[in-house]
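Report on the following structure.
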Amino acid sequence: MKKIFTFIGSRNDDGHTVTFAKKLIKAINKQDETWECELATLNSYNVLPANLPSYVDDDLEELKNKIINADLIVLGAPVYMHGIPGEMKNIIDRLADWAHTLRLVGKDIVILSTCNSNGHMTVANQLHLYAIQLGGRVVGKYVATNFMPTETVDTENIILNDQIDEFIEKIAFEVLEKQSLPWKTNRLLETTFITYQQIQKNNVLQNIQNEENKYWVDSGMLDCGSLQEYYNFSNTR
């Protein structure tokens with residue numbers, strides 16, 4: 001059975017973002033019952049800041065396993081001062097090694113965000129960039145709000161909170177349709193791949209060993225000519 005793992009960067013388990021995510025998951029499962037769904041929030045895992053010596057005893061590894069074992073990842077967060085909540089950013093900072101190893105290659109990601117009256121696309125666009133930097137493919141980006149922005153903001157992916165029920169089936173259909181397409185990389189990912197690959201090749205030549213370098217060597221990424229080649233290779237092993 002395919003797995004959806006949803007992680008919402010909020011401690012309000014009854015807030016708009018969690019509600020939005022639950023409705024999307026329900027709509028996806030209604031259209032395709034082969035999905036096994038799990039939703040978590042900041043209340044579900046204790047992830048400490050990276051500069052604390054005790055962070056090795058927190059729940060980050062458990063959270064990482066949930067993400068890695070998912071076929072579809074839903075990432076969501078409310079807008080706090082035109083940015084993502086600090087605790088959510090801390091978790092992303094703790095995943096820096098994943099950005100350096102493009103660990104989410106082959107993973108499809110849906111971005112959700114909610115806001116009240118402004119900063120509509122700030123969090124959605126931030127999460128979108130992080131998702132790509134981690135190696136993932138974004139198959140949907142949606143924002144729910146109490147007030148629509150001015151005409152200076154692209155409203156294509158923005159809906160009103162009280163209209164979610166009206167559009168949720170369409171959103172679920174769009175996500176499933178894009179998720180069913182063959183996974184392909186993009187120019188940004190390929191540029192990132194080439195940059196990091198050169199760094200890791202230099203590390204090998206200088207006999208510099210660390211966890212990131214070990215992953216590049218053991219996974220076969222170091223010998224691939226492109227990220228797409230690595231994805232194709234890893235799916236045939």
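The values are calculated or read from the model by the stated rules, or taken from the named source; none is laboratory data. Owing to the predicted nature of the structure, the values given are computational and were not obtained by experimental measurement. No Cβ is skipped: glycine too gets one built from the backbone with ideal geometry, and neighbour counts run over all protein chains shown. In case anyone asks, the SASA skips ligands and DNA or RNA and just uses the protein heavy atoms, side chains included. Shrake-Rupley method; radii C 1.70, N 1.55, O 1.52, S 1.80 Å.
Worth a mention:
- Residues (over 19 Å from LYS107 (Cα atoms) and open to solvent by 40 Å² or more (accessible area, probe 1.4 Å)) located in segment 213-237: LYS214, VAL217, ASP218, ASP223, GLY225
- Any hit, segment 61-76, residues being open to solvent by less than 30 Å² (accessible area, probe 1.4 Å), at pLDDT below 95 and not in a strand (DSSP E or B): no
- Selection within segment 18-56 - polar (S, T, N, Q), part of a helix (DSSP H, G or I) and touching a helix residue (DSSP H, G or I) at 6+ places or on another chain (Cβ under 9 Å): THR19, ASN29, GLN31
- Segment 68-91 residues that are at positive phi, paired with ones that are of a type outside the set (Asp, Glu) (beta carbon under 7 Å, 6 or more apart): HIS82/GLY119; HIS82/THR122
- When residues in segment 1-21 are screened for being of a type in the set (D, E, K, R) and within 12 Å of LEU72 (Cβ to Cβ), 2 of them pass.
- Close pairs from segment 10-30: first within 18 Å of LYS178 (Cβ to Cβ), partner of a type in the set (Asp, Glu), Cβ under 8 Å, at least 6 apart: ALA27/GLU169; LYS30/GLU169
- Filter result for THR192 (at pLDDT below 95, over 24 Å from LYS3 (Cα atoms) and of a type outside the set (A, V, I, L, M, F, W, C)): yes
- Matching option when the condition is of a type in the set (Phe, Trp, Tyr), out of contact with any Pro (no Cβ under 6 Å at 6 or more places or on another chain), open to solvent by less than 60 Å² (accessible area, probe 1.4 Å) and farther than 20 Å from GLU62 by Cα, among TYR80, TYR142: TYR142
- Flag if ASN116 is in contact (Cβ under 8 Å) with a residue 24 or more places away in the chain and either closer than 24 Å to THR191 by Cβ or polar (S, T, N, Q) (or both): yes
- Candidate set from segment 180-202 (those that are within 30 Å of ILE28 (Cα to Cα) and charged (D, E, K, R)); member that is least open to solvent (accessible area, probe 1.4 Å): LYS184
- Whether a residue is more than 16 Å from the chain's Cα centre (by Cα), open to solvent by 60 Å² or more (accessible area, probe 1.4 Å) and within 25 Å of LYS214 (Cβ to Cβ) was assessed, and ASN51 passes this test.
- Against the test of being modelled with pLDDT of 95 or more, touching a helix residue (DSSP H, G or I) at 6+ places or on another chain (Cβ under 7 Å) and surrounded by 14 or more Cβ atoms within 10 Å (Cβ to Cβ), the options LEU102, LEU127 yield a single qualifying residue, LEU102.
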